[in-house]
Amino acid sequence: MLVVRRANATPLSKRKAALCRALVAMEVTTMPDWRPMAEFDRSKPALVHDGLNDEVVDWKPELYQEHYDQYAHPEFNPGVTEWDGRLLEGWKPV
């Protein structure tokens, strides 16, 4: 089990620990022609790149926005948003 060492250290969930290991293993780089997640407008359709699974998500706000607003962790790592078992690292408008 992965433990974060800080003033009141607590064990991370297994999911978060797995995401942390995956993030360390993958090289997060700015992808050419993709916009940074800091500029992502989740209220508009887009293509979003998931670096963890190397997939492109066809973003449909009517399906995903409410869940994203509730559970996404923006800046999980600089330039990366963790959401629903994905590490989102760039987007393009459609």
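The values are calculated or read from the model by the stated rules, or taken from the named source; none is laboratory data. In this text, all values refer to a predicted model and were calculated from it rather than measured experimentally. Methodologically, a virtual Cβ is constructed for each residue, glycine included, from the backbone with ideal geometry; neighbour enumeration extends over all protein chains shown.
Scan segment 56-74 residue by residue and report those that are surrounded by fewer than 17 Cβ atoms within 10 Å (Cβ to Cβ) and either in contact (Cβ under 8 Å) with a residue 12 or more places away in the chain or assigned to a strand (DSSP E or B) (or both).
V56, D58, K60, P61, Q65, H67, D69, Y71, H73, P74
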Just one of E27, E39 is on the phi < 0 side of the Ramachandran plot and modelled with pLDDT under 70; which is it?
E27
Test E82 against the stated conditions and say whether it is under 15 Å from the mean Cα position of the chain (by Cα), modelled with pLDDT of 95 or more, among the acidic types (D, E) and surrounded by 15 or more Cβ atoms within 10 Å (Cβ to Cβ).
yes
Out of N77, N53, sole residue that is in contact with a Lys or Arg (Cβ under 7 Å, 6 or more places away or on another chain) and either at pLDDT below 95 or surrounded by 12 or more Cβ atoms within 10 Å (Cβ to Cβ) (or both)
N53
